[in-house]
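Worksheet: one structure, shown below.
Values in this text are rule-based calculations from the coordinates and carry no lab data. What you are looking at is a predicted structure, and each value in this text was computed from that prediction instead of being measured. Reconstructed Cβ throughout: ideal geometry from the backbone, glycine too, with neighbour counts over all protein chains shown.
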């Protein structure tokens, strides 16, 4: 079972290597494949098993090809929103600390969600206590926890539920 997971993870690592290096040299492709599979075999249990949840090779692929592109889109959108607020000081802001409970059970999922919120301009994760997140929001149009949760991290959380459980 470990070997099968390591092979799948090795393919993912090798694919990332190919994208980053962009080489067609057969020696570099071979060395890259060997190194990717050795790293995958040595780290497969760490990468696919986390306290409070399990991550599969499919989850890793979902993270790379769905979550990261969505995160980049959300980050660009939030950057433009914050830049607009800076350039137009008369635009009203309504800063507030909001809290909501997450449905994520794994520590990995909560970690990724907290960092995604903080890395998205206009929001900062202040604290995560069990299942409750405390977020500073530059413009809080609502104080309702469910509405705030959906506005801040709805799609992030739904994707992470599929990735980490």
(request) Report, in degrees rounded to the nearest 10, the 0 to 90 angle that the Cα long axis of helix 2-21 makes with the longest principal axis of the chain. (result) 70 degrees
(message) What distance in nm lies between label points placed 7 Å from Cα along the C-beta direction at residue 78 and residue 7?
(response) 4.0 nm
(message) If I take R0 = 45 Å and measure r between the Cβ atoms of residue 94 and residue 56 in this structure, what FRET efficiency does the formula 1/(1 + (r/R0)^6) give, to the nearest 0.05?
(response) 0.65
(request) Please give the contour-minus-distance gain from residue 136 to residue 35: 0.36 nm per residue of separation, less the Cα-Cα distance, rounded to one decimal in nm. (result) 32.1 nm
(request) Just rank 139, 144, fewest to most, by other beta-carbon atoms within 10 angstrom. (result) 144, 139
(request) For every helix of n ≥ 4 consecutive DSSP H residues, a contribution of -39,500 (n - 2.57) applies; sum these over the chain, divide by its total residues, and give [θ] at 222 nm rounded to the nearest 500 deg cm²/dmol. (result) -20500 deg cm²/dmol
(request) Mind running the shape call on the stretch 88-154? Use the C-alpha gyration tensor, a ≥ b ≥ c as the square roots of the eigenvalues: rounded below 1.5 for a/c, prolate if a/b tops b/c, oblate otherwise. (result) prolate
(request) Return the single residue from 92, 141, 121 with maximal mean-square fluctuation; model: Gaussian network over the chain, springs between Cα atoms under 10 Å. (result) 92
(request) Give me the angle, in degrees from 0 to 90, between the Cα long axis of helix 145-164 and the longest principal axis of the Cα atoms of the chain, rounded to the nearest 10. (result) 10 degrees
(request) Going by C-beta contacts inside 10 Å, put 17, 70, 84 in order with the fewest on the left. (result) 84, 70, 17
(message) Which residues among the stretch 132-165 fall inside the zone where the amide N is under 11 Å from a point 7 Å beyond the Cα of residue 66, along Cα→Cβ?
(response) 158-164
(request) Could you work out how far helix 107-119 tilts from the main Cα principal axis of the chain, as a 0 to 90 degree angle to the nearest 10? (result) 60 degrees
